[in-house]
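Visitor: Quick one: the structure is below, questions incoming.
None of the figures in this text is laboratory data; all of them are computed from the coordinates on show. Predicted model only: the values in this text are computed from it and were never measured. Backbone-built Cβ (ideal geometry, glycine too); neighbour counts: all protein chains shown.
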Amino acid sequence: MKQRILDVMSTFALLTFLGLAAAMLTPRAYAGMIPTERTQPADDRAEVKAMLARPEVVKEMQKMGIAPEKAAARIDAMSDEEVRQLARKLGSLPAGGALATEEWLLIIVVILLVIIIL
């Protein structure tokens with residue numbers, strides 16, 4: 001009888017140990033908030049294409065010899081990550097006519113060089 005009780009207890013201990021080991025090895029799930037500001041790749045692609053379709057952009061592309069249709073085709077050929085990066089970069093550019101600090105510094109250096117040379 002004692003042997004039977006010891007066998008049951010050792011089996012119970014072994015199963016408990018294996019259950020705890022299995023519980024420690026299972027991956028944990030982490031919950032978090034999903035931001036709503038994230039845009040879909042199709043939205044980014046449409047935003048970049050809308051930027052290319054603006055009349056002043058089309059005019060400048062034609063001056064450089066770039067057909068607007070070719071530019072749109074290249075946007076279609078880009079990966080979603082490339083389009084996302086381009087849309088982010090276009091969104092961070094200053095509005096037309098605004099110069100960045102680096103551009104002002106470059107202009108001042110060029111003016112100073114012209115004054116020194118003359």
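Visitor: Are there chymotrypsin sites (Phe, Trp or Tyr not before Pro) in segment 1-32 that DSSP marks as loop and that have at most 13 other Cβ atoms within 10 Å, and which are they? Walk me through the intermediate numbers first.
Guide: Working: sites: Phe12, Phe17, Tyr30; in loops: Tyr30.
When the chymotrypsin sites (Phe, Trp or Tyr not before Pro) of segment 1-32 are filtered for loop state and at most 13 Cβ neighbours within 10 Å, Tyr30 remain.
Visitor: At 0.36 nm per residue, minus the direct Cα-Cα distance, what do Met24 and Thr101 gain on full extension? Give it in nm, one decimal, please. Can you show the working numbers first?
Guide: Working: separation 77, 0.36 × 77 = 27.72 nm, distance 5.47 nm.
Here the answer is 22.2 nm.
Visitor: So which lysines pass the test for Lys2, namely a Cα distance under 21 Å, with those fewer than 8 places away in the same chain ruled out?
Guide: none
Visitor: Also, quick follow-up: Reachable lysines from Lys89, Cα under 27 Å, same-chain residues fewer than 8 places away excluded?
Guide: Cα-Cα hits under 27 Å: Lys49, Lys59, Lys63, Lys70.
Visitor: If you don't mind, another one. In nm, to one decimal, how far is the modelled label at Phe17 from the one at Met1, with both set 7 Å along Cα→Cβ?
Guide: Rounded to a tenth, the inter-label distance reads 2.8 nm.
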